[in-house]
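The values are calculated or read from the model by the stated rules, or taken from the named source; none is laboratory data. This is a predicted model, so every value here is computed, not measured. Note that each Cβ is placed from the backbone with ideal geometry, even for glycine, and that neighbours are counted across all protein chains shown.
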Amino acid sequence: MAARRSLAHRWLLILPFLWQVGAVPLVNEVQAAPLHIPFPMFWQMLGVVLTSVVIGVVYRLDRAAGAFEHDDAEVDAAAEGQD
Amino acid sequence: MALGIAVAIVLATVLGAIAYGRRTAARPTMAGWAVGGRRFGPVLFWFMNAGEIYTIFALLGISGYAYALGAPAYLAFTSVSLSYALGYWLMPKIWQAGRRHDLLTQPDFFAARYDAPWLGVVTGVVGIAALVVYVQIQLVSLRLIVDIALGDVLPEWAAVAIGAALMLAFVMTVGLRSAAFSAAVKDVLVVVLVVGLAVTVASRVGAASMLDVFRLVEERHPGIGSLPGLQPEAHTDSVWLMTSALTVALGNWVFPHLFQMSFSARSATAIRRNAVWQPLYSLSYFFIVLLGFAALLAGVQPTQSNANDALVQLVATTYPPWAVGVFAGTSFLLALAPGSVLLLTVGSIFARNVLRPLRPALTDRGALQASRVAMVVLAGVAVWLTLGDDASLVQILLYAYAAIGMLAPGVFLAFLWRRTTAIGVLAGIVVGFVALLAPFASNLWAVALPNWEPGLIAMAIAAVVTVAVSMLTRPPKAAAVAVGMPTPAVAETAR
């Protein structure tokens, strides 16, 4: 197996927690209502989109780092073990 | 007419699901029945995931909370995205352990990783208890739907029992594949239904447009759009939302049925790809919150103080019978498919992890039968718990997450810290439940950490105790540790 590159980019997965949990007290005070939607709700919906983007980015960086070849090796190993 | 349409939708889906399950699964084995033969490709796995997350709780629980409290319903927007941000890292690890060591259930994992069959029994019992609380959500909802479809003619116990009986009948037929099929059908139906209701509701409640509902509801009920919402005495402030969101995210994959869902995937890459897209589906909660606000504007009168039936009443009073029929049929599937997966999990854990260690001579066929008996008995327990319970669906959900949170330290540390021991995990579970359930503890949290979700406090205490006791006890064997934290050398040996 080739040496795997760093998976430090997976720490990006903390961003959704900072957005959707950490920022709650701050955004709760915002009075604006984009499209009439209360701002705290709008913020949480943006957080959902952000999460998909973040996970997508991590997925791509994982692929570039060769993490999936590792996964696929697992599949092969398991298949051999079962047959 | 409403009843006819509802029955037609449910029957067509159930028959389709049975046919699909029969066609694709030849022999009834425990593995085929419980984890779909570990062959779910991306499409089926996606629907399995979606089916698990978009339960009847989403439809009735969130709209009911939006109706009764307002902003606290935003908790829904955090649940799916945060679970998958965590799941992207966690689920492939669970999958890998299952694949390598032929694990079928979550207690299998505990027993193997901590080299302690008795821990499998303990965690099996805790998991079953948490799932039975979760099944209540489906039963409370089914009862409301039975009432709307039949016109409130049945006593409460009969409506709840009918719901439980149908769930059992459904799951007895073929197992996970059927559930995945009906999950797919109802996922499509529920999106059509929710969007359909959301775009037509404005004019029925006196708003100029869909978005105008938000303006109008804030005008008539100032403060509904931000925390703590309409009932400050409900303690649903920012701290409540933050701690509840973390409790749900950390507890989600610890639920036995969701933990085991990772086993049913074909590959770790399928799991990761799924995690990218799954959060976006939770944007549909926008429509459900909207419908809760619309119910408030319409001035509907829920029959219960918990407002679980706010949306049911809105549909029943402002829409034509055919729409009520579609709503009832879809809602029924929404409770039926996930509910049957919960029961399936309960049954397989009981037979495999509670009964088998006590009666090693049990055959595979015997185990299948024992699991079916267990499902009937535990569905009965869930019915009993449901009767007379007046909690809101969100509250029941948080109870279930608090209970399963006691297993969270054992799951996470299994992949993070070699030194974690079986005794440590047991001590964490015991002390955690005391911190969750003992009256003196509840009183303490209410004073020291007001508005915190008690489940998160108890989970943190369980984690600390698990670490402390683990340091004082002998670590498991290297081969057992490798179930959660494989080293390259061990991986080679496994090949």
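Quick notes on this structure:
- Of the residues making up segment A:2-54, those that are of a type in the set (Lys, Arg) and outside any helix (DSSP H, G or I) are A:Arg4, A:Arg5.
- Positions within segment B:229-259 being closer than 24 Å to B:Val217 by Cβ, small (Gly, Ala, Ser) and either more than 10 Å from chain A (Cβ to nearest Cβ) or crowded, with 24+ Cβ neighbours inside 10 Å (or both), in sequence order: B:Gly229, B:Ala234, B:Ser244, B:Ala245
- Selected residue (only one of B:Val191, B:Val199, B:Val153, B:Val213 is buried (at least 19 other Cβ atoms within 10 Å of the Cβ), more than 23 Å from B:Ile94 (Cα to Cα) and out of contact with any Cys (no Cβ under 8 Å at 6 or more places or on another chain)): B:Val213
- Members of segment B:274-317 found to be within 14 Å of chain A (Cβ to nearest Cβ), more than 17 Å from B:Leu197 (Cβ to Cβ) and not aliphatic (A, V, I, L, M), listed by number: B:Asn274, B:Trp277, B:Gln278, B:Pro279, B:Tyr281, B:Ser282
- Verdict on B:Leu82 being of a type outside the set (Phe, Trp, Tyr), part of a helix (DSSP H, G or I) and within 14 Å of another protein chain (Cβ to nearest Cβ): yes
- Out of B:Ala435, B:Ala402, one residue alone is surrounded by 20 or more Cβ atoms within 10 Å (Cβ to Cβ) and in contact with an Asp or Glu (Cβ under 8 Å, 6 or more places away or on another chain). It is B:Ala402.
- Total residues in segment B:461-482 satisfying the condition of being buried (at least 20 other Cβ atoms within 10 Å of the Cβ) and either hydroxyl-bearing (Ser, Thr, Tyr) or touching a Cys at 6+ places or on another chain (Cβ under 7 Å) (or both): the figure is 2.
- Test for B:Arg215: is it among the charged types (D, E, K, R) and in contact (Cβ under 8 Å) with a residue 40 or more places away in the chain: no
Okay, residues lined up against (1) more than 9 Å from chain A (Cβ to nearest Cβ); (2) farther than 30 Å from B:Ala323 by Cβ; (3) assigned to a loop (DSSP other than H, G, I, E, B); (4) at pLDDT below 90:
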residue: B:Ala180; (1), (2), (3), (4): yes, no, no, yes
residue: B:Val190; (1), (2), (3), (4): yes, no, no, yes
residue: B:Val194; (1), (2), (3), (4): yes, no, no, yes
residue: B:Ala202; (1), (2), (3), (4): yes, no, no, no
residue: B:Ser226; (1), (2), (3), (4): no, yes, yes, no
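- Filter result for B:Glu233 (without any contact (Cβ under 8 Å) to a residue 40 or more places away in the chain and either within 21 Å of B:Leu397 (Cβ to Cβ) or in contact with a Pro (Cβ under 6 Å, 6 or more places away or on another chain) (or both)): yes
- Some residue of segment B:301-313 being of a type in the set (Asp, Glu) and outside any helix (DSSP H, G or I): yes
- Segment A:13-44, subset at the interface with another protein chain (Cβ under 9 Å from one of its Cβ atoms), within 15 Å of the chain's Cα centre (by Cα) and of a type in the set (A, V, I, L, M), residue surrounded by the fewest Cβ atoms within 10 Å (Cβ to Cβ): A:Ile14
- Of all residues assigned to segment A:33-44, at least one qualifies as being under 22 Å from B:Pro279 (Cβ atoms) and at pLDDT below 95.
- Residues that are more than 7 Å from chain A (Cβ to nearest Cβ) and among the polar types (S, T, N, Q) were ranked within segment B:260-273; the one that is farthest from B:Gly64 (Cα to Cα) is B:Ser264.
- Looking across segment B:445-460, the residues that are in a helix (DSSP H, G or I) and surrounded by fewer than 14 Cβ atoms within 10 Å (Cβ to Cβ) come down to B:Ala446, B:Val447, B:Ala448.
- The set of residues in segment B:280-305 being surrounded by 21 or more Cβ atoms within 10 Å (Cβ to Cβ) and either polar (S, T, N, Q) or over 28 Å from B:Ser79 (Cα atoms) (or both) consists of B:Ser282 alone.
- Whenever a residue of segment A:51-70 is free of Cβ contacts under 8 Å to residues at least 12 places away in the same chain and within 7 Å of chain B (Cβ to nearest Cβ), its partners that are assigned to a helix (DSSP H, G or I) and of a type outside the set (A, V, I, L, M, F, W, C), lying with C-beta atoms within less than 6 angstrom and at least six residues away or across chains, give the pairs A:Ser52/B:Pro279; A:Tyr59/B:Arg272; A:Phe68/B:Thr269.
- Residue within segment B:111-126 that is away from chain A (no Cβ under 11 Å), among the β-branched types (Val, Ile, Thr), part of a loop (DSSP other than H, G, I, E, B) and crowded, with 24+ Cβ neighbours inside 10 Å present: no
- Enumeration of residues in segment B:375-394 that are under 19 Å from B:Val125 (Cα atoms), touching a residue at least 40 places away in the same chain (Cβ under 8 Å) and of a type in the set (A, V, I, L, M, F, W, C): B:Met375, B:Val376, B:Leu378, B:Ala379, B:Val381, B:Ala382, B:Val383, B:Leu385
- Residues (within 7 Å of chain A (Cβ to nearest Cβ) and small (Gly, Ala, Ser)) located in segment B:85-102: B:Ala85
- Qualifying residue in segment B:352-369 (condition: among the small types (Gly, Ala, Ser), farther than 23 Å from B:Ser63 by Cβ and free of Cβ contacts under 8 Å to residues at least 60 places away in the same chain): yes
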